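Read through the structure below, which is laid out as structure tokens, and then see the notes.
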Amino acid sequence: MTTELAPRYLAVLTGATIPELLAAAAAERGEAPYADFAGEPVTLSALAEAVADAQRGLAALGVHRGDRVAVMLPNHLEHVVLVHALVGMRAVWVPVNTRLRGEPLAHVLTDCDPSLLIIDPRYAAELAALPRGTTQAWVVEYGTGIAPWRQGDAVRSVLPRPDGDDVVSIMYTSGTTGPAKGVQVTDRMLRAAALGTEAASTPRDGDVFFLWEPLCHIGGAQVLLLPLLRRVRLAFVERFSASAFWSQVVAAGATHIHHLGGILPMLLSRPRTESERRNVVRVSWGGGMTSEAWREAETRFGLRVRECYGMTEASSISTANVAGLGGGIGRALPWFDVEVHDEHGRPVPDGEIGEIVLRPLVDGLVTPGYFRNDEATARSRRGPWWRTGDRGRFTGGALHFIGRLTDSLRHRGENVSAWEVETIVNTHPAVAESAVVGVPAPEGDEDIKVFVAVTDPATFDPAEFVAWCGQRLARFQVPRYVAVVDDFPKTPSLRIQKSLLSRETSDAFDARRRMPSP
């Protein structure tokens with residue numbers, strides 16, 4: 001299945017594979033910058049040479065085509081080299097979230113069953129704490145110095161001939177409401193993700209993309225490929241830091257930032273700084289912005305927001321809004337068809353809410369399936385359409401996100417979208433972040449419990465907060481329970497992991513009793 005696409009789009013989606021793109025970029029513009037980390041630059045030719053060294057070293061470690069290699073490392077240049085090396089060897093790169101602990105970490109390692117695990121020593125204690133037999137992988141620790149995958153010069157690495165539909169990675173979903181699933185990602189899907197990044201962020205030659213997101217998330221991985229498609233440079237850091245963000249961005253000369261995970265609202269809640277005023281960022285691209293934060297971010301930071309939508313299972317980005325506020329999550333990219341369906345799989349009229357579904361207009365842009373989980377794969381497919389599990393509606397051709405199908409609850413006979421309630425709650429002047437869940441109600445259905453991280457817990461009054469909600473939400477949407485938290489458990493993309501939030505009510509203010517519940 002193909003469609004009429006602009007020649008360049010079609011060339012990226014059906015042409016050279018990732019290792020071939022790297023080789024071509026290094027040959028054609030080798031001295032051009034690829035990235036820098038902590039002031040350490042690397043050119044395209046230097047990257048290609050380092051990748052070749054790493055492939056020899058990985059071969060010496062016994063890595064072959066098809067081997068699953070789990071990688072639990074923070075962001076740094078050697079990590080980037082390792083990713084490119086594994087993809088080029090056609091080993092299966094399994095990025096592991098460095099924040100995982102206990103059962104979630106055990107689940108990923110057990111599920112992917114890697115032959116090799118490369119881990120930073122700072123996470124070794126978490127690995128040792130897992131139940132015996134969690135993984136049979138050969139473990140290689142790497143922190144500083146010469147990486148083990150750069151010490152195999154005597155071994156000749158014979159690279160397999162790449163195909164666009166080779167599975168090159170298994171990326172575990174965020175698992176916000178349940179156990180993470182391993183999404184099989186192909187070479188073609190990663191190229192489409194990078195092309196989607198380009199469509200959403202509209203770069204120019206010489207632009208600098210600031211990369212804070214961990215490489216275990218598609219949002220970070222896809223940006224690694226952008227300098228192979230466009231004349232741009234990456235500037236990346238080990239992890240996101242709200243306090244250091246603008247100084248890092250200014251030092252890098254960054255023109256583009258990524259706002260997945262609500263980082264812009266976090267930054268908006270902080271005092272203004274001199275670094276913030278000196279930023280030259282032109283575009284913030286990503287997902288999850290409310291209208292209020294969108295407007296304030298553009299005014300305060302002097303940039304343009306580019307909202308987009310997608311999922312790892314479908315090459316990361318399916319729609320993009322470059323028109324501005326009011327356009328929701330945008331229109332379908334030229335290589336996707338996007339619709340909103342009812343529960344029977346029929347398109348709904350413009351303005352009505354249903355499930356967002358999509359189908360590729362070029363073969364191979366949707367995952368071949370969840371790793372060792374045919375049942376979950378079958379649930380997500382309906383004919384040619386991939387079911388996203390998200391609710392949305394079209395208005396005048398623009399898609400608007402409403403919330404997760406599974407992130408809703410039923411209160412007093414009404415369906416309540418947690419996302420809709422959170423969107424309002426997050427506009428409260430004292431609330432930095434929130435999460436809504438359902439808890440069992442004595443009369444049946446569910447009561448609404450909201451967790452809030454607030455700017456000043458000492459002055460926050462839950463009763464006044466609930467009254468404030470009552471003036472802005474429908475009666476059936478107003479939370480009964482309010483729990484104040486210091487922080488939230490989060491995924492690599494800084495999404496709140498609701499599956500880890502307590503459904504108990506003893507830790508919360510009870511609006512019916514106007515006191516903490518007993």
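Annotations for the structure displayed:
- With Cα atoms defining each centre, the range 85-147 and the range 275-326 are spaced 33 Å apart in the structure.
- Between 0 and 90 degrees, the angle of helix 291-301 with respect to the longest Cα principal axis of the chain falls at about 60 degrees.
- Of all DSSP bridge pairs formed entirely within the range 1-123, close to 35 percent run antiparallel.
- Entry note: the range 254-406 has Rg to Rh equal to 1.03, where both radii use alpha-carbon atoms and Rh is the Kirkwood radius.
- Eigenvalues of the alpha-carbon gyration tensor of the range 8-144, scaled by 5 and square-rooted, set the equivalent ellipsoid semi-axes at 30, 17, 14 angstrom, largest first.
- Ranking 91, 43, 76 by Cα position along the charge dipole of the range 15-92, where only Lys, Arg, Asp and Glu carry charges on their C-beta atoms, puts 91 farthest toward the positive end.
- Long-range HN-HN contacts of residue 234 with modeled amide H, under 5 Å: 35, 36, 209
- With the whole protein complex present, residue 414 retains an accessible surface near 80 Å², based on a 1.4 Å probe.
- Full-extension gain in nm, residue 445 to residue 244, via 0.36 nm per residue minus C-alpha separation: 67.9 nm
- Between the beta carbons of residue 125 and residue 146, assuming R0 = 25 Å, the FRET efficiency works out to 0.60 to the nearest 0.05.
- Whole-Å distance, taken between Cα centres, linking the range 348-385 and the range 438-479: 35 Å
- Take the chain with all the other protein chains still there, run a 1.4 Å probe, and you get 42 Å² of accessible area per residue.
- This model, with +1 at the C-beta of Lys and Arg and -1 at the C-beta of Asp and Glu, gives the chain a dipole about its Cα centre of some 280 debye.
- Relative to the globular-protein estimate of 2.2 N^0.38 Å, the Cα radius of gyration of the range 338-414 stands at 1.20.
- 222 nm mean residue ellipticity, helices alone, for the chain (DSSP H n ≥ 4; -39,500 (n - 2.57); rounded to 500): -7500 deg cm²/dmol
- Antiparallel beta bridges, as assigned by DSSP with both residues in the chain, represent about 60 percent of the total such bridges.
- Estimated Rh, the chain: Kirkwood, alpha-carbon pairs, angstrom: 24.0 Å
- Candidate lysines for bridging to residue 181, where Cα separation is under 18 Å - those fewer than 8 sequence places away on the same chain excluded: 490, 498
- Comparing 291, 260, 182 along the charge dipole axis of the chain, the residue lying farthest to the positive side is 291, per the Cβ-charge model.
- Between helix 18-29 and the chain: long-axis angle, C-alpha atoms, 0 to 90°, nearest 10: 70 degrees
- Three principal axis lengths of the range 199-302 [C-alpha, angstrom, descending]: 37, 26, 25
- Each Cα pair under 8 Å and six or more residues apart adds its separation to the average, and for the chain the resulting relative contact order is 12 percent.
- Rounded to the nearest 10 square angstrom, residue 122 shows an accessible area of 130 square angstrom against a 1.4 Å probe.
- Atom-type composition of the exposed protein surface of the chain places 49 percent of the accessible area on carbon and sulfur (1.4 angstrom probe).
- Normalised per residue, the volume of the convex hull around the Cα set of the range 16-63 (Å³): 82 Å³
- Area accessible to solvent at residue 311, 1.4 Å probe radius, in Å²: 30 Å²
The values are calculated or read from the model by the stated rules, or taken from the named source; none is laboratory data. This one's a predicted model, so the numbers in the text were calculated from it and none came from an experiment. Cβ atoms come from the backbone with ideal geometry, glycine included; neighbour counts cover every protein chain shown. For accessibility, only protein heavy atoms count, side chains too; no ligands or nucleic acids. Shrake-Rupley method; radii C 1.70, N 1.55, O 1.52, S 1.80 Å.
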